[in-house]
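What follows draws every value from the coordinates through simple rules; no lab data is involved. None of the values given here were measured: they were computed from a predicted structure. When we count neighbours, we look across all protein chains shown, and the Cβ atoms used for this are built from the backbone with ideal geometry, even at glycine.
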Number of protein chains: 2
Amino acid sequence: MTDDIRQLSQKLAPAQPLPSRVASILSQEISSGRLKPGDRLPTEHQIAESLGISRNVVREAIAQLRADGLVRARQGAGAFVMEPEERLAIRLDPTDLENIEGMEGLFELRALLEGEAARLAAMRRTDDDLAEITAALEDMRGDEKWSEGSIEADLVFHRAIAKATGNAYIHTFVCFICDQIRRSIHMARYANQIKQLVEVNVGEHVVILDALKAGDPEAARSAMVHHITEAGRRIGVILRNEQSNAAEGIAAS
Amino acid sequence: MTDDIRQLSQKLAPAQPLPSRVASILSQEISSGRLKPGDRLPTEHQIAESLGISRNVVREAIAQLRADGLVRARQGAGAFVMEPEERLAIRLDPTDLENIEGMEGLFELRALLEGEAARLAAMRRTDDDLAEITAALEDMRGDEKWSEGSIEADLVFHRAIAKATGNAYIHTFVCFICDQIRRSIHMARYANQIKQLVEVNVGEHVVILDALKAGDPEAARSAMVHHITEAGRRIGVILRNEQSNAAEGIAAS
DNA sequence: ACAAGCAAATTTGTCCTACAACCCTATAAC
DNA sequence: GTTATAGGGTTGTAGGACAAATTTGCTTGT
């Protein structure tokens, strides 16, 4: 209920914070090529005046760009666009994920990363990790909170596996990619059909968990790749070359 | 008040802009768990006063955190720490990379990602891709610009392979991780010994390129994993389980 | 005429104050 | 007891002022 209100207010409100909108404008100027690396962008005063806003707002916008390593401000000289290789953060453009090609690319990356993560997790998982993963699986199949809870439990399952690798970076990256996918999916028509597919989904998770329990790296990796490939197919994403790989996986398990 | 500023500037890098330093402090408060998701962080006034700075600076710092999705500010209510799953960007803390454990984790992730990238590239690379990769290799072995140029050419080589996967996300992530590593390495004592090791390094690249030319996915992956493992070992990073994998790779090639 | 150095203009960095918009709570009125 | 309202607190935006640093151009000395 409150979710509906929040969605609506997000959708309709042009009242996204002003500095963020200015930051979007500027970053679009950069990514579109109108401002090339090395260029100096207009002075804060000029930007403020041309947009009819205060210099404070402009400074906050530039602070956001600076945090991403998109521009570098030098006192007395100006703010300059930096080389694309120097960026300090990864931020995915949500609009890239609205079409199916973007989703396919992201799913491929996800299968790749999480497949390897499952392999490492099979070798390194502690008993605590296993308990956490098992608990997440129980949450998935358990309650009636399908629409919201099962998706959440699904994510907890995947995150727990990434954490079981013992590598904080892998954990960070897997979490990030999964969340990007979830955010995009939530916007689409996914929750509708998930109800019928929960059993299948849970079944695939069980295969993964079994491989982790057995400590079989290749089986874990194959099962994870297969699961993600299938999960993608359920929402219309078809991966190019992983099908054969996934087939191997299902045959091996 | 000014004492606080002096303390603060002594504590952290003196050259970094003030708002970024404040953002680091706050984000550290969050990642260390002193501020948990859902918590409201102190008011801008309190932060400003406690650090002896202006509210303007605090606002710019919070703007950076907001851009990353680390906090969400609601007018009239306050700024709240968001769930870690809601992050919009990945930013690696440079201090995490100063110790050897952080480097090991990042190298493991890199081997994983780039290994798979090489596998995909072997299947999908176009002739144009191959030409680009070959050119990068030529640049590496060619000129006398060892200290700077060869490192750069090395990166170009890896980036070109990631691009040859045809997956923009893989390309983005690989570029990002490589840059993080390069930035850390540049700070360290890497360029000193690279001169003696260029031949070895080039040799490993040749193996990768041959596998890509032949279109052999597994050989490409193995060679890449081996190369990254060795590159890590050259600067003191030892990966846990990839050695055996790399041994397979070198045996297969 | 040339060079070095100095001074002024420009630009970002920081601080300050003020007010609007908004949220939350406590109090008052019914 | 419930609702309305008023108040304080907090973020959002505006605008002005000065400090710090850089760039540029001009002056001045040789």
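Which whole number gives the average count of other chain Cβ atoms within 10 Å of the Cβ atoms across peptide A:16-27?
Details: counts 0, 4, 0, 5, 3, 0, 0, 2, 0, 0, 0, 0.
Across the residues of A:16-27, the mean count of other-chain Cβ atoms within 10 Å is 1.
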Shortest first and in nm, the label-point separations between A:MET123 and its counterparts in the other identical copies (7 Å out along Cα→Cβ) come to 2.2
Sorting from shortest, the nanometre distances separating the label point of B:ARG72 (7 Å past Cα along the line to Cβ) from those of the same residue in the other copies are 3.5
Here the correct list, in nm and shortest first, of distances from B:ALA214 to the same site in the other copies, label points 7 Å along Cα→Cβ, is 3.1
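Partner chain Cβ atoms within 10 Å, averaged over the residues of A:67-74 - can you pull that number for me? Intermediate results must be reported in sequence, preceding the final value.
Working: counts 13, 5, 2, 0, 0, 0, 1, 0.
Mean inter-chain Cβ contacts per residue within 10 Å come to 3.
Among A:167-175, A:96-104, how do they line up from the highest to the lowest mean number of other beta-carbon atoms within 10 Å? Walk me through the numbers on the way to the answer.
On the way: A:167-175: 21.6, A:96-104: 15.6.
Put in order of decreasing packing, that is A:167-175, A:96-104.
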With a Förster distance of 35 angstrom and the Cβ-Cβ distance between B:ARG234 and A:GLU29, calculated FRET efficiency to the nearest 0.05 equals 0.25
